[in-house]
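Every number in this text was worked out from the coordinates using simple rules, so none of it is lab data. From a predicted model like this one, the values you see are computed outputs, not experimental measurements. Neighbour counts run over all protein chains shown; Cβ positions are idealised from the backbone, glycine included.
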Amino acid sequence: MRVGRGQSESLGVLLLVGLTLLLGVTLFLTFGTVGDSLDNSPPSAAFETEVEGGTITFAHTSGPTVEAADLTAVLRQGDTERRVALSTVASGALGAGDVVSFPHGLGDGEVTIRLVHEPTNGVLVRVKRTIENAFAVSLSVSESGGTYSFMPTVSGGTPGAPAVSLSSSSVSAFDVNQDNPGTGSVTFTDGGNGIRLQGNRWQQRPYDYYVTGDTVVEFEFRSDDQGEINGLALENDNTQSTSRGIRAWGTQGWGTGVQDVDGQSYSSGDGWRTYRIQASQLGAFSAGSSKRINRLVFIADEDDGDQDTDTQIRNVRLYESGEDYQYRWEVNGNLVSNEPTLSRSLSSGDTVTLTVADGNGRTATASYTVS
């Protein structure tokens, strides 16, 4: 009898030890999991999110600071999803009062926005917003051997290049040997998009642009009195050059006549006519070239006889053939190109900025700094 009871006691001890170990493992796994979950909770930071035109803004309103490098904005519109690491548009820690804005690169319509805390995969923001009047540009960047290639994506906006604005403060005499103020007036029309020269007048407007063989010069022209030269020119100094000129009308053979490259000659009584001239058709520019100009010149030339002619030009636009917008690339604040894409050798710290202008004169910008 005692032997049997001793075996039962031993078995009971073993069962008790086993249950204790099992309970310990269970408690460890349970509280270990909870502990890990608590450690990986997203920060309780609050952000307000707004979309205006082509820009999205996250404003930190309360709660702990969060490293920009830990945050990713996820934007979804229809089948399109964009992921933007906030480290590409901001740096350091974001605290209450800090604001981060960047182009969203999407068109008009509803967009779902999430702000994800990457270390915990927690979602700090989940909202829907409606995009209206969007106009934005984003950059895709690749690098090979120190040469960086930039490919822009433009969303929204009104297709077309902006008209050159003209005013008494931006326009002045060109080549004092050509401009004769005593022969007639200079006035500005069409809300600043047009100019009218009466008499023997040559006027210039500063305009910085890299003209390529694909650059299109578009303008509307009208004249009620033919002179020797009625037209405009793409110049890079204060001396006139026939190889840079476009003659819309006139008795002299100066510049390139629109009838030779556009196929439309101008005649008395035609009223307003629109011309589109490709720069490669002018003598100073050729296919594959890229030459910088710094001014546009408007010409009403009649320095023989009564010095009385009339040139009206409006809605002057420069853009690259086949493109819907006008592009302006700058490196460290200096213009380097007006072509739609850019490929260039860069060094650490260099900043590339693209400004895109649409047909209504609105602009959108995107930047990239080499790390």
Return the distance in nm (one decimal) between the two label points of a simple spin-label model at SER167 and SER290, each offset 7 Å from Cα along Cα→Cβ.
3.2
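Using Cα-Cα distances under 8 Å and only pairs 6 or more residues apart, what relative contact order does the chain have, in percent? Working shown, then result.
On the way: 905 pairs, mean separation 57.3, N = 371.
Once divided by the residue count of the chain, the mean separation gives 15 percent.
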Before anything else, pin down the relative contact order of the range 46-133: Cα pairs under 8 Å, at least 6 apart, normalised by residue count, whole percent.
34
So how far apart, in nm, are the two label points at THR153 and GLN281 if each is 7 Å from Cα heading toward Cβ?
3.6
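What are the GluC sites (Glu not before Pro) within the range 63-163 that DSSP puts in a loop, where the Cβ has at most 11 other Cβ atoms within 10 Å? Before the final figure, lay out the partial values.
Working: sites: GLU67, GLU81, GLU110, GLU132, GLU143; in loops: GLU132.
Counting only loop positions with at most 11 other Cβ atoms within 10 Å, the GluC sites (Glu not before Pro) in the range 63-163 are GLU132.
Using only DSSP helix segments of four residues or longer, with each worth -39500 (n - 2.57), what per-residue ellipticity at 222 nm results for the chain after dividing by its residue count and rounding to 500? List each step's numbers first, then the result.
Working: 2 runs with 42 residues, N = 371.
When only DSSP H runs of four or more count, the value is -4000 deg cm²/dmol.
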Hydrodynamic calc, the chain: Kirkwood Rh from Cα pairs, then Stokes-Einstein at 37 °C with viscosity 0.692 mPa s, so D in µm² s⁻¹ is 129
Under a plain spin-label model, where a point goes 7 Å from the Cα along Cα-to-Cβ, how far apart in nm are ASN133 and ASN236?
3.9
